[in-house]
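To start, the structure under review is shown below, and the notes come after it.
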Amino acid sequence: MNRRDKENYYLDIAEVVLERCTCIRRHYGAIIVKNDEVISTGYVGAPRGRANCNDIGYCYREKNNIPRGTRYEMCRSVHAEANAIISASRDQMIGSTMYLVGREVSTGEYIKNANSCSMCKRQIINAGIARVVIRRNHEEYDVVDVQRDWVENDESMRGEFDY
């Protein structure tokens, strides 16, 4: 039996976390790890005490044909990355790694070209997270060097945004 590599081990945990999502379009799970310890977890869902989309039976963004990556203020949910950051202290996050997995609710497939939105990128940068590992399929993933890829290569200065 082959032992699971460390990156996929943590991505597997993030994938279990996404099972708590309440969004009816896309499920994301995020975990923050430092020194081989899970610091916090986060998944997509409405703020505490508010009704979730799966409770009310519809997604406002979907109902109004709002494209992916636009009009975030029209979404009931807090993103997985933000929820993981909210649940950790900054000193724990400095130099840490965030693991992120996304699945389409309708198909169960991994989200193609999954990436953090521009708002979550800013939060990740300010939290001091050093790397983001994003699952592409059950075995493959991309590694983002936050300083190089999101700070030095600032898409917002060019008017480009990842959605």
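The values are calculated or read from the model by the stated rules, or taken from the named source; none is laboratory data. Being a predicted model, the structure only gives us computed values, none of them experimental. We place every Cβ from the backbone using ideal geometry, glycine too, and count neighbours over all the protein chains shown. Protein only, heavy atoms only, side chains kept; ligands, DNA and RNA dropped before computing areas. Shrake-Rupley method; radii C 1.70, N 1.55, O 1.52, S 1.80 Å.
Give the lysines whose C-alpha is closer than 17 Å to that of K34, dropping any in the same chain fewer than 8 places away, or say none.
Within the straight-line limit of under 17 Å, K34 reaches these lysines: K6.
Report S156's accessible area, 1.4 Å probe, all protein chains in place, as a number in Å² to the nearest 10.
Only protein atoms counted, so the area is about 60 Å².
Take the chain, mark every one of the trypsin sites (Lys or Arg not before Pro) that falls in a DSSP loop and has at most 16 other Cβ within 10 Å, then report the longest stretch left between them, sites excluded. Can you show the working numbers first?
Numbers: sites that count: R3, R4, R25, R48, R50, R68, R71, K112, R136, R158.
Segment 72-111 is the longest.
Using Cα springs under 10 Å in a Gaussian network model of the chain, which residue among I124, I66, I94 shows the largest mean-square fluctuation?
I66
Given contacts defined as C-alpha pairs under 8 Å and at least six residues apart, what's the relative contact order of the stretch 1-69, whole-number percent?
25 percent
Show that you can apply the helix-only estimate: for the chain, add -39,500 (n - 2.57) for every DSSP H stretch of four or more residues, divide by all residues, and state [θ] at 222 nm to the nearest 500.
-6000 deg cm²/dmol
If DNA, RNA and ligands are ignored and the probe is 1.4 Å, what is the ranking of M74, M1, M98 by accessible area, most exposed first?
I get M1, M74, M98, largest accessible area first.
Just read off the accessible area of Y43 with the full protein assembly in place, 1.4 Å probe, to the nearest 10 Å².
Per-residue accessible area (Y43): approximately 70 Å².
When the convex hull of the C-alpha atoms of the chain is computed, what volume per residue in Å³ does it have?
Convex hull of Cα atoms, per residue: 121 Å³.
Explain nothing, just the number: dipole magnitude of the chain about its Cα centre with +1 on each Lys and Arg Cβ and -1 on each Asp and Glu Cβ, in debye rounded to the nearest 20.
Value, rounded to 20: 580 debye.
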